[in-house]
Amino acid sequence: MLFLLYFSLIFLLALCFLFIAYQFYANVLQPGAIYFPSTPVAIKQMLKLAPVSPKDTLVDLGSGDGRILIAAARRGAKAIGYEINPFLVWKSRRQIRQSQLEKLAKVYWKSFWKADFHQATIITIYLFPHLMNRLQRLLEKKVNHHLRVVTNDYPFPQLTPSKHHRQVYLYYFPNSNSH
């Protein structure tokens, strides 16, 4: 009995260590945005502003718990998410499975800085302002087809949105408005 107690304690300590080590890796060594989900109202507005249809392939950069992917898949779009947090990847895959949307929605445990955008017709983003310039440069470099980019809360500082509603901004790439 004492062995089981020690084993359980060591196992829990190892899990805590792994969680802390991962948080250090994700937030210090690979800085990005911390997990802060889009609200249902913002998601609805993002998908409306784009607008999302069954003809689209939506790519969510930093897909978190998959709520944008699920909402897009419910509209018939193919939805692809990139997330570096393994706990959120697991949670979003579980929620996609529970929603029975596995044929339309997928999540990859991968940094979106290395993501493939060639299939995307829409990209959704909820990042901190200090990352928006870097992301703009990445999109301008990688995107060679018409693409709608929808951001939540933070606009691209050097671009004028084509449309916006409250905190949601729509851009078209390639964009001729960059400064």
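Annotations
- A single member of 79, 72 is over 11 Å from the mean Cα position of the chain (by Cα), closer than 25 Å to residue 166 by Cα and buried (at least 23 other Cβ atoms within 10 Å of the Cβ), and it is 72.
- Any hit, segment 127-139, residues being of a type in the set (Lys, Arg), assigned by TED's automatic domain parsing to the domain that holds residue 61, at pLDDT 95 or above and more than 15 Å from residue 67 (Cβ to Cβ): no
- Within segment 50-69, tally of residues that are closer than 21 Å to residue 132 by Cβ, small (Gly, Ala, Ser) and under 10 Å from the mean Cα position of the chain (by Cα): 3
- Within segment 127-179, tally of residues that are assigned to a loop (DSSP other than H, G, I, E, B) and closer than 15 Å to residue 112 by Cβ: 3
- Test result for residue 105, in the same structural domain as residue 54 (by TED's automatic domain parsing), among the small types (Gly, Ala, Ser), at pLDDT 95 or above and surrounded by 15 or more Cβ atoms within 10 Å (Cβ to Cβ): yes
- Hits in segment 81-100 (condition: without any contact (Cβ under 8 Å) to a residue 60 or more places away in the chain, farther than 21 Å from residue 41 by Cα and not in a helix (DSSP H, G or I)): 82, 83, 84, 100
- Residue match in segment 53-65 (condition: assigned to a helix (DSSP H, G or I), at pLDDT 95 or above and either closer than 20 Å to residue 42 by Cβ or not hydroxyl-bearing (Ser, Thr, Tyr) (or both)): no
- Segment 39-70, residues that are over 21 Å from residue 97 (Cβ atoms), of a type in the set (S, T, N, Q) and in contact (Cβ under 8 Å) with a residue 60 or more places away in the chain: 45
- In segment 116-126, the residues that are within 17 Å of residue 39 (Cβ to Cβ), in contact with a helix residue (DSSP H, G or I) (Cβ under 6 Å, 6 or more places away or on another chain) and not in a strand (DSSP E or B): none
- Sole exception among (1) at pLDDT 95 or above; (2) closer than 14 Å to residue 35 by Cβ; (3) not hydrophobic (A, V, I, L, M, F, W, C) for residue 85, by number: (1)
- Contacts under 9 angstrom Cβ, first residue in segment 126-154 being within 19 Å of residue 170 (Cβ to Cβ), partner in a strand (DSSP E or B) and among the charged types (D, E, K, R), 6 or more apart: 126/60
The values are calculated or read from the model by the stated rules, or taken from the named source; none is laboratory data. Predicted model only: the values in this text are computed from it and were never measured. Cβ: placed from backbone, ideal geometry, glycine included. Neighbour counts: every protein chain shown.
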